[in-house]
Structures are given as C-alpha cells and as structure tokens.
1. Modelled with pLDDT of 95 or more, open to solvent by 30 Å² or more (accessible area, probe 1.4 Å) and in contact with a helix residue (DSSP H, G or I) (Cβ under 6 Å, 6 or more places away or on another chain) - does that describe any residue in the range 327-341?
2. Condition first: in a loop (DSSP other than H, G, I, E, B) and among the charged types (D, E, K, R). Can you find one or more residues in the range 285-294 that meet it?
3. Quick check on the range 147-161. Is at least one of its residues on the phi < 0 side of the Ramachandran plot and in contact (Cβ under 8 Å) with a residue 60 or more places away in the chain?
4. So, restricting to helices (runs of 4 or more DSSP H) that lie completely within the range 172-271, which ones have at least 3 residues that are open to solvent by 60 Å² or more (accessible area, probe 1.4 Å) and not β-branched (Val, Ile, Thr)?
5. Within the range 118-131, work out how many residues are open to solvent by 20 Å² or more (accessible area, probe 1.4 Å) and closer than 22 Å to Leu60 by Cα.
6. If Lys98 meets every condition in (1) surrounded by 15 or more Cβ atoms within 10 Å (Cβ to Cβ); (2) modelled with pLDDT under 85 apart from one, which number is that one?
7. Pairs under 6 Å by beta carbon, first residue at negative phi in the range 329-352, partner part of a loop (DSSP other than H, G, I, E, B) and open to solvent by 70 Å² or more (accessible area, probe 1.4 Å), six or more apart or different chains?
8. Quick one: in the range 293-309, which of the residues that are of a type in the set (Ser, Thr, Tyr) and within 30 Å of Asp113 (Cα to Cα) is surrounded by the most Cβ atoms within 10 Å (Cβ to Cβ)?
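The values are calculated or read from the model by the stated rules, or taken from the named source; none is laboratory data. The model shown is predicted, which means the values in this text are computed figures rather than measured ones. Here Cβ is always computed from backbone atoms with ideal geometry, including for glycine, and neighbour counts include all displayed protein chains. Areas reflect the complete protein model, heavy atoms only, side chains present, ligands, DNA and RNA absent. Shrake-Rupley method; radii C 1.70, N 1.55, O 1.52, S 1.80 Å.
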Amino acid sequence: MKPALLEVMRMNRICRMVLATCLGSFILVIFYFQSMLHPVMRRNPFGVDICCRKGSRSPLQELYNPTQLELSNTAVLHQMRRDQVTDTCRANSAMSRKRRVLTPNDLKHLVVDEDHELIYCYVPKVACTNWKRLMMVLTGRGKYSDPMEIPANEAHVSANLKTLNQYSIPEINHRLKSYMKFLFVREPFERLVSAYRNKFTQKYNTSFHKRYGTKIIKRQRKNATQEALRKGDDVKFEEFVAYLIDPHTQREEPFNEHWQTVYSLCHPCHIHYDLVGKYETLEEDSNYVLQLAGVGSYLKFPTYAKSTRTTDEMTTEFFQNISSEHQTQLYEVYKLDFLMFNYSVPSYLKLE
C-alpha cells in the first residue's frame, strides 16, 4: 500500500478517535489533511472514493480527476495556489495554528450547497454579495434563476443560506471531507481600504458609525467634538488604522468581519480549501467553480462595471498619510494573508 494512502488512513483513524472524545463538549476537531502531503492533480486527495451526486460526477472528482486527461492552465494555477497556502501554513505554524481546534461557531462563514456538494467561505469585500446570490440560485431549487434579480440586502439575510455550523459534528466532518471547498481573496490592503470607504465614508452606514466610529474617535482623536463622539460618522483613515493596530482593540474583541483577516475568517490552515479564487481574476475563477459544479453551461458569474470600486491607485493614496511605524504594525496584522495568498508587499509601503 502506498505510504501516502497509509498516512491518510492513519489520520482518518485518529480523526475518528478524537471526534468520539469531543462530541460531549461540542468541540469540532478539524485536521488539515494536506498539511503533510500535497494534493496531486487527478488524484482524490483523501485516498477514498468520493460520494458523488446521483448520476453525475462531484466537483471534487472533476477537480482532482478531471474528465480531460491533459491538465489545463487553470487547473495548474489552482494547484499552485493550494501549495502556496500549504507551504505558508507549515512555515508559519506557530502563528497560523495557535488554535488546534475549531468550534462550530468558527464555521459560520462557510455556506453549504447540498445539491452540488460545495462549501463556500465568504469574505466580505471580496465579491461576497454576488457569490451569495449565486449560492442562493444553486441552493434555491428553481426559486431563483438570475442572481442579479436578487436584491443585495436579501443575499445577506442569514436564513437564505445554510452555513456549516448548523450541522451536527459528524455531518460537518463528512461535508468537509466530501464537498469541494472554495473561497475568494483580495489584496489585503485594497480590501481594507474598500471596507473603510464603505463603512465609514457612506452616510447611510449609521450602525457602523455608532458601533465602531464613536469608539474609534473617542480612543484616537484628541479634542474630539461632542458631535463627533455622538455620531462617529467622520472617522479618518489614519484613525481607523491606529484603532486596528492598538493592542487594546485586539484584546477587547475579534475584528469585525469586514476587516478581519481571511485566515481568521476561513481558517485555511485547519480546513483544506480545494480552490482559492482571487478578486483580481474574479470572473475566470468564479466560472471555473461553476464549471466544476456542472452548472457552467447555464450559470455565469454576474459582471458589471462599478466605477466606485477600490483600486490599487486609490489604496496608495489612502496610505500616504500613514506613518512608516503604523504601516509596519498594520502589515504585521495582515502578514499571513499577504504570504498565504501570494500578494507581494505593496510598493507604496515604507516598512521599518
């Protein structure tokens, strides 16, 4: 028997033993199956037959054992992205895997599609509204046909999509093993500026102004006016950055999901993601997921021009007034996201 297969069987036995001891306390132990062996293209990464949808191939089969024997450039690219995540997790294990276990509450960002055997970890400010719309079409069983006909606010109603934390622990582990798991990422600071612009410069986001703006101004602004302390609707980007790097902030509570790191939202060092899509190649990567799910012939990722999108040039401008000390501290906060998803250090940064 091949050593890799023996290793996977051994890990499976360990998983079952640990799971049996954890059921009583509702702690979910998720082993990162690929931490010691790289997935090989055209090979089932778990060494066992994947249970597929009736009368069709599952997305995992199509990804690792494609119908076309010759590998496409897209398949090779996604293999490289998987390897990058694996290598980064291994090289930074002390930082990336401080927690050895995940609880079901950690899985609330993982949306499940039973019919097509997909799990999507949504990351705010990385086209998650449109991907949630797509997931509603995929899971709606005919209720929806055009994702762009679904209002944005409806896409974010939690009851409209089922997340992995709503399942029992054995069901969670079965889906993590058998379904194709994917996420989409974005250059970390571009995503951060996008979150700031959306949550702190738009007058309609009063809930964020009250919840976070007032706190940021109180903590970071000297001689703040009573109106600013009451409304919290004029937070400067420099104040936002100071709030993020403040040790008190990080001790107080987890970051809001809109500026939380991807590795903390989706746990890629504990959960093996089969596909890592990027905002920079959003349409191609999204349609590749839909192709693997067997729906690519009639469902495409919705695209439309959005002139207000945060760009690299815009991000550069926002960082011009951030001191090199604060830039360095902020980079440390998001360092794993830069490394894990192969984003280079921005040229505009003045790191100490």
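1. Within the range 327-341, one or more residues are modelled with pLDDT of 95 or more, open to solvent by 30 Å² or more (accessible area, probe 1.4 Å) and in contact with a helix residue (DSSP H, G or I) (Cβ under 6 Å, 6 or more places away or on another chain).
2. Taking the range 285-294 as the starting set, the residues that turn out to be in a loop (DSSP other than H, G, I, E, B) are 293-294.
Okay, now just the ones that are also among the charged types (D, E, K, R), so none.
The answer is no; no qualifying residue exists.
3. Just the residues of the range 147-161 that are on the phi < 0 side of the Ramachandran plot, to begin with: 147-161.
If we keep only those that are in contact (Cβ under 8 Å) with a residue 60 or more places away in the chain too, we end up with 147-148.
Yes - at least one qualifying residue is present in the range 147-161.
4. On the way: elements: 188-200, 214-220, 226-231, 237-245, 247-252, 262-266.
Helices (runs of 4 or more DSSP H) meeting the threshold: 226-231, 247-252.
5. We begin by selecting, within the range 118-131, every residue open to solvent by 20 Å² or more (accessible area, probe 1.4 Å); these are 122, 125, 127, 129.
Still in the list and also closer than 22 Å to Leu60 by Cα: 122.
Result for the range 118-131: 1.
6. Tallying (1) surrounded by 15 or more Cβ atoms within 10 Å (Cβ to Cβ); (2) modelled with pLDDT under 85, Lys98 fails exactly one: (1).
7. none
8. Going through the range 293-309, the residues of a type in the set (Ser, Thr, Tyr) turn out to be 297-298, 303-304, 307-308.
Applying the additional criterion that residues be within 30 Å of Asp113 (Cα to Cα) yields 297-298, 303-304.
Working: Ser297: 8, Tyr298: 7, Thr303: 13, Tyr304: 6.
Ranking the qualifying residues of the range 293-309, first place goes to Thr303.
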